[in-house]
Amino acid sequence: DLELQKFCDGLLEDKRGAIIAVDPQTGAILAMASSPSYDPNVFISRKDADKINGILNDREYPMMNRAIAGAYPPGSVFKLIVALASLETGVATENTTFSCSGSFTLGRRVFHCWKEEGHGVQALKEGLKNSCNVYFWQLGLLVGVDNIAKYAGKLGIGSLSGVDLPGEVAGLLPSREWKKKNLKETWYKGETLNYAVGQGYLLCTPIQIVRMVSVFANKGSLVQPYLVEK
């Protein structure tokens, strides 16, 4: 969609980041933008050697397609997965309530919600609507690290989407077993709190996130994103 592509490019002007618009029913990518970008025409002529070297050595990495090769902590959008995991495993229902006073204490550490005065008593829908950290810290402890990892994996996190472009990365989907194997350490409850709100060791690509959200939009199908139809 040329007009949508131009619009996305415009939104990213002078910024670092990525935008992907996808048809959640089919996986068809309507627009994909990554910034900073570069003009591929400079690679045609030998006269542009300085420009080519400038692109290749640019510390902003314009040649990296952040939409598929940039892996980042996803933040609060990951709460959708924790909510789904809680319902699928039966540890909670949509009527499960938690109270947010603005903070949550685990052991000797106090974790603060983004809303200083708190959100009060909330059920699942309110917790999602308000993106309440305290709600999802408590829900995450109920779900547990291994179930969070399990359902995130079912929604495509931690694996390649299969998009028809080179250079895609899988990101990082942590688990109790992953930490023991790679860091030779046990998993702590505080790390589950970080995990439940999309932080910590977790790293996702933008295309994984748009694919995951598409599952909610199309009511259950994990589509494969693609650029070329035929």
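The values are calculated or read from the model by the stated rules, or taken from the named source; none is laboratory data. Just so it is clear, the structure is predicted and the values come from calculations on it, not from any experiment. FYI the Cβ positions are ideal-geometry reconstructions off the backbone, even for glycines, and counts take in every protein chain you see. Accessible surface areas use protein heavy atoms only, side chains included; no ligands, DNA or RNA. Shrake-Rupley method; radii C 1.70, N 1.55, O 1.52, S 1.80 Å.
Structural remarks
- With respect to the stated conditions, Leu172 fails to be farther than 20 Å from Leu124 by Cβ and without any contact (Cβ under 8 Å) to a residue 24 or more places away in the chain.
- Breaking point among (1) at pLDDT below 95; (2) closer than 23 Å to Ile209 by Cα, for Ile55: (2)
- Taken together, Gly167, Gly190, Gly158, Gly153 contain a single residue that is of a type in the set (Gly, Ala, Ser) and crowded, with 16+ Cβ neighbours inside 10 Å, which is Gly158.
- Selection status of Tyr135, among the hydroxyl-bearing types (Ser, Thr, Tyr) and open to solvent by 20 Å² or more (accessible area, probe 1.4 Å): no
- On inspection, Ser131 does not qualify as among the hydroxyl-bearing types (Ser, Thr, Tyr), within 28 Å of Met64 (Cα to Cα) and in a loop (DSSP other than H, G, I, E, B).
- Evaluation of Glu3 against (1) open to solvent by less than 70 Å² (accessible area, probe 1.4 Å); (2) modelled with pLDDT of 95 or more; (3) of a type outside the set (S, T, N, Q) (one fails), failing number: (1)
- Asp39 satisfies every condition listed in (1) farther than 19 Å from Gly167 by Cα; (2) exposed (fewer than 15 other Cβ atoms within 10 Å of the Cβ) except (1).
- Whenever a residue of the range 190-215 is free of Cβ contacts under 8 Å to residues at least 12 places away in the same chain, its partners that are surrounded by 19 or more Cβ atoms within 10 Å (Cβ to Cβ) and not in a helix (DSSP H, G or I), lying with C-beta atoms within less than 9 angstrom and at least six residues away or across chains, give the pairs Asn194/Leu202.
- Answer from Ile44, Ile29, Ile52 - the residue that is over 23 Å from Lys6 (Cα atoms) and either of a type in the set (Phe, Trp, Tyr) or surrounded by 12 or more Cβ atoms within 10 Å (Cβ to Cβ) (or both): Ile52
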